[in-house]
Amino acid sequence: MVDIIWGNGSKVLSTNSFVLNVTHRKDGNKNDYSDSEKITIISADLPGLPHNESNWNEEALKSCVIDAFLKCEVDGRDEAGVILGKVSHSGAGGY
């Protein structure tokens, strides 16, 4: 089972990373997650974000994640402790 966290996107850090204000954590997650986590996107299903990562830019990412309720399936952390995750918009009303 993969760890999953949900929350609202806030500050965009680069063309493929942002800060997630974590509001929900899946019961049974193996790891602990703080209320604010940096996320590097390894896979995305975000309406408005091009499928080809080479076409991503900070403005496009901002329009997709800022104030949006997002789901992040955690793939691990990099050497700096940043979450590597699969990010998508979460369904209406939650999870």
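Here are the numbers for the structure shown:
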quantity: Failed item, numbered, when Ile41 is tested on (1) surrounded by fewer than 18 Cβ atoms within 10 Å (Cβ to Cβ); (2) of a type in the set (A, V, I, L, M); (3) in contact with a strand residue (DSSP E or B) (Cβ under 9 Å, 6 or more places away or on another chain); calculated: (1)
quantity: Unmet requirement for Met1, which otherwise passes all of (1) touching a residue at least 24 places away in the same chain (Cβ under 8 Å); (2) surrounded by 14 or more Cβ atoms within 10 Å (Cβ to Cβ); (3) among the aliphatic types (A, V, I, L, M); (4) not in a strand (DSSP E or B); calculated: (2)
quantity: Looking only at region 50-66, and only at residues there that are out of contact with any Gly (no Cβ under 7 Å at 6 or more places or on another chain) and under 18 Å from Gly7 (Cβ atoms), the one that is surrounded by the most Cβ atoms within 10 Å (Cβ to Cβ); calculated: Leu61
quantity: Identity of the residue in region 10-22, without any contact (Cβ under 8 Å) to a residue 24 or more places away in the chain and in contact with a Gly (Cβ under 7 Å, 6 or more places away or on another chain), that ends up surrounded by the most Cβ atoms within 10 Å (Cβ to Cβ); calculated: Val22
quantity: Members of region 1-19 found to be among the aromatic types (Phe, Trp, Tyr) and closer than 13 Å to Ser88 by Cβ, listed by number; calculated: Trp6
quantity: Sole residue being out of contact with any Ser or Thr (no Cβ under 8 Å at 6 or more places or on another chain) and among the β-branched types (Val, Ile, Thr), chosen from Ile42, Ile83, Ile66; calculated: Ile42
quantity: Qualifying positions in region 53-74 - within 11 Å of the chain's Cα centre (by Cα) and either closer than 24 Å to Gly28 by Cα or of a type in the set (Asp, Glu) (or both); calculated: Phe69, Leu70, Lys71, Cys72, Glu73, Val74
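Matching residues to (1) outside any helix (DSSP H, G or I); (2) touching a residue at least 12 places away in the same chain (Cβ under 8 Å); (3) among the hydrophobic types (A, V, I, L, M, F, W, C); (4) within 12 Å of Val87 (Cβ to Cβ):
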{"position": "Asn8", "(1), (2), (3), (4)": "yes, yes, no, no"}
{"position": "His24", "(1), (2), (3), (4)": "yes, yes, no, no"}
{"position": "Asp27", "(1), (2), (3), (4)": "yes, no, no, no"}
{"position": "Asn31", "(1), (2), (3), (4)": "yes, yes, no, no"}
{"position": "Ile39", "(1), (2), (3), (4)": "yes, yes, yes, yes"}
{"position": "Ser43", "(1), (2), (3), (4)": "yes, yes, no, yes"}
{"position": "Leu49", "(1), (2), (3), (4)": "yes, yes, yes, yes"}
{"position": "Ser54", "(1), (2), (3), (4)": "no, no, no, no"}
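Here, each number is a calculation from the coordinates, and none is a lab measurement. Worth saying up front: this structure is predicted, and the values here are computed from it rather than measured. Cβ coordinates were reconstructed from backbone atoms using ideal geometry, including for glycine residues, and neighbour counts include every protein chain displayed.
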